[in-house]
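Take a look at the structure set out below.
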Amino acid sequence: MPIRLRAKLDLQNQPRQRHSRAARNAVIDAMPPADVVLGIDPGLSRTGFAVLRRGRGRTIPQVLESGYLSPPRTEDLGARLKVLFDELGIIIARHQPQVMVVEDVFSTFAHPRSALLMAHGRGVLLLAAQQQQIPICHFLPNEIKQVITGNGHASKEMMQSAVQKRLCLEQKPAPHDVADAIAIAFCFLLRQKQ
């Protein structure tokens with residue numbers, strides 16, 4: 001019979017050593033300026049991606065390509081992961097980004113399986129970038145929301161509106177995975193300027 005732990009862990013309030021904001025900013029500061037950035041909002045059923053080119057001076061970054069990868073839900077886990085890996089490889093080959101920025105994994109006690117499945121997809125995406133020797137940077141969801149909207153607990157709709165406004169897009173990026181991927185890449189470009 002498996003052992004079940006009943007103690008509640010408060011992972012949200014634990015100090016994050018490896019991916020702390022100060023450590024992340026030090027990594028970003030040490031990187032050479034990136035002109036082309038690939039933002040990834042990882043997920044197993046739908047992974048948002050966005051490729052942004054840095055604007056010159058005060059020019060707003062340009063969205064070169066954005067969309068989402070959606071492996072068939074009817075396939076088994078291995079086949080779905082292969083689709084993510086292969087499709088991201090095509091995007092990397094097409095745009096040659098200097099850095100890939102990925103939303104960090106987070107979990108809630110109500111949905112631990114979702115975080116586990118997302119971690120599978122995220123791992124494959126990280127491998128695709130690593131094989132091409134692309135530096136990888138990570139941001140927490142609340143940090144991205146804070147930088148883009150000024151509210152660390154912004155809703156998906158608020159993120160879509162803020163991304164549209166800040167990047168002067170004609171329409172709101174949809175679905176929200178695409179808006180989040182654009183926001184992730186934009187967050188990196190804003191942080192690298194500082």
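The values are calculated or read from the model by the stated rules, or taken from the named source; none is laboratory data. Here the structure is a predicted model, which means the values were calculated and not measured. Here the Cβ positions follow ideal geometry from the backbone for every residue, glycine too, while neighbour counts run over all protein chains shown.
Restricting to the stretch 31-78, name every residue that is in contact with an Asp or Glu (Cβ under 8 Å, 6 or more places away or on another chain), more than 17 Å from Gln98 (Cα to Cα) and in a strand (DSSP E or B).
Answer for the stretch 31-78, where residues must be in contact with an Asp or Glu (Cβ under 8 Å, 6 or more places away or on another chain), more than 17 Å from Gln98 (Cα to Cα) and in a strand (DSSP E or B): Asp41, Thr47, Gly48, Tyr68, Leu69.
Residue check: is Gln160 surrounded by 21 or more Cβ atoms within 10 Å (Cβ to Cβ), in contact (Cβ under 8 Å) with a residue 12 or more places away in the chain and polar (S, T, N, Q)?
yes
Quick one: in the stretch 90-130, which of the residues that are without any contact (Cβ under 8 Å) to a residue 12 or more places away in the chain, farther than 23 Å from Gln192 by Cα and not aliphatic (A, V, I, L, M) is surrounded by the fewest Cβ atoms within 10 Å (Cβ to Cβ)?
Among those residues, the one meeting the criterion is Arg113.
For the stretch 161-181, enumerate the residues that are out of contact with any Asp or Glu (no Cβ under 9 Å at 6 or more places or on another chain) and in a helix (DSSP H, G or I).
Those that are out of contact with any Asp or Glu (no Cβ under 9 Å at 6 or more places or on another chain) and in a helix (DSSP H, G or I): Ser161, Ala162, Lys165, Arg166.
Can you name every residue in the stretch 23-44 that is at pLDDT 90 or above and within 26 Å of Leu81 (Cβ to Cβ)?
Matches in the stretch 23-44: Val36, Val37, Leu38, Gly39, Ile40, Asp41, Pro42.
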